[in-house]
Amino acid sequence: MKIKKVTAIINEMQLDNVASVLCEHGVEGFTIHPVSGRGNYCNSFSQDGLVTHKQIEIYTTDNHAKKIASLIMKTADVALDSEGLVAITSVDELYWVFQKTPAQIKDFNFIEFPGDNHE
C-alpha cells in the first residue's frame with residue numbers, strides 16, 4: 001500500500017466547510033494547524049504583511065489522495081487570490097504510536113457520492 005499526505009493551506013474562514021465535507025466523505029483523521037505566511041497576497045494591514053491561514057494534514061492511500069485534494073480545493077474556493085494551496089507528498093512509513101504497528105489500508109476512508117467529480 002502506498003501512503004500519501006495531503007497538506008492544504010486554506011483561508012481560515014473556509015475551515016469549517018472543509019472539515020465538514022471531509023467528514024461527510026468518511027475522512028475522519030486530519031490535523032489542523034494555524035499558520036501564517038506570504039504568497040500571492042500580502043496583508044498590508046498587518047505590520048509584518050503575513051496572512052493567517054489554516055493548514056490541514058491528512059494521511060491517506062494513494063488512490064484517495066487526489067480525490068481528497070480536489071474535494072478540499074472545490075470546497076475552499078471562494079475566488080480570492082489568498083486561498084492557499086494543496087500538496088500531495090509520498091510517505092515512506094506511517095506508524096500508530098500506541099500500537100507500535102504500521103498503518104493499514106483499513107485505517108483510511110473515503111466515500112464517493114454519485115455525482116462527485118474529483119478531477
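Only four residue types carry charge here, +1 at the Cβ of Lys and Arg and -1 at the Cβ of Asp and Glu. Report the dipole size of the chain about the Cα centre in Debye, rounded to the nearest 20. Before the final figure, lay out each step's value.
Details: 10 positive and 16 negative charges, 62 e Å.
It comes to approximately 300 debye.
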Practice item. Heavy atoms only, probe 1.4 Å: what % of the accessible area of region 1-116 goes to carbon and sulfur, would you let me know? Key: 53 percent
**Study point:** Degrees between helix 62-76 axis and first principal axis of the chain (Cα, 0 to 90, nearest 10)
**Key:** 30 degrees
Review point. Points 7 angstrom from Cα along the Cβ direction at VAL21 and TRP96: gap in nanometres?
Key: 3.0 nm
Check your understanding: For P(r) over Cα pairs in 5 Å bins from 0, in percent, which listed value, [x] 2, 11, 20, 22, 17, 13, 8, 5, 2, 0; [y] 2, 9, 13, 14, 14, 10, 9, 6, 5, 4, 4, 3, 3, 2, 1, 1, 0, 0; [z] 2, 13, 24, 27, 22, 10, 3, 0, comes from the coordinates shown?
Key -> [x]
Point to revise | Residue among ASP77, ASP107, ASP62 with the largest mean-square fluctuation in a Gaussian network model of the chain, springs linking Cα atoms under 10 Å | key: ASP107
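Between beta-carbons, use under 13 Å as the cut-off and find the net charge around ILE111, counting Lys and Arg +1, Asp and Glu -1. Don't skip to the answer; put the middle values down first.
Details: positive: LYS67; negative: GLU24, GLU28, GLU112, ASP116.
Every neighbour counted, the sum reads -3.
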Check your understanding: How far, in degrees from 0 to 90, does helix 15-24 lean away from the longest principal axis of the Cα atoms of the chain, to the nearest 10?
Key -> 20 degrees
Review point. Which is the longest part of the chain that has none of the chymotrypsin sites (Phe, Trp or Tyr not before Pro) sitting in a DSSP loop with at most 16 other Cβ atoms within 10 Å?
Key: 46-97
Check your understanding: Label points 7 Å out from Cα along the Cβ direction at LYS74 and ILE88: separation in nm?
Key -> 1.4 nm
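The values are calculated or read from the model by the stated rules, or taken from the named source; none is laboratory data. Just so it is clear, the model here is predicted, and its values are computed rather than measured. When we count neighbours, we look across all protein chains shown, and the Cβ atoms used for this are built from the backbone with ideal geometry, even at glycine. These area figures cover heavy atoms from the full protein model, side chains too; ligands, DNA and RNA do not enter into them. Shrake-Rupley method; radii C 1.70, N 1.55, O 1.52, S 1.80 Å.
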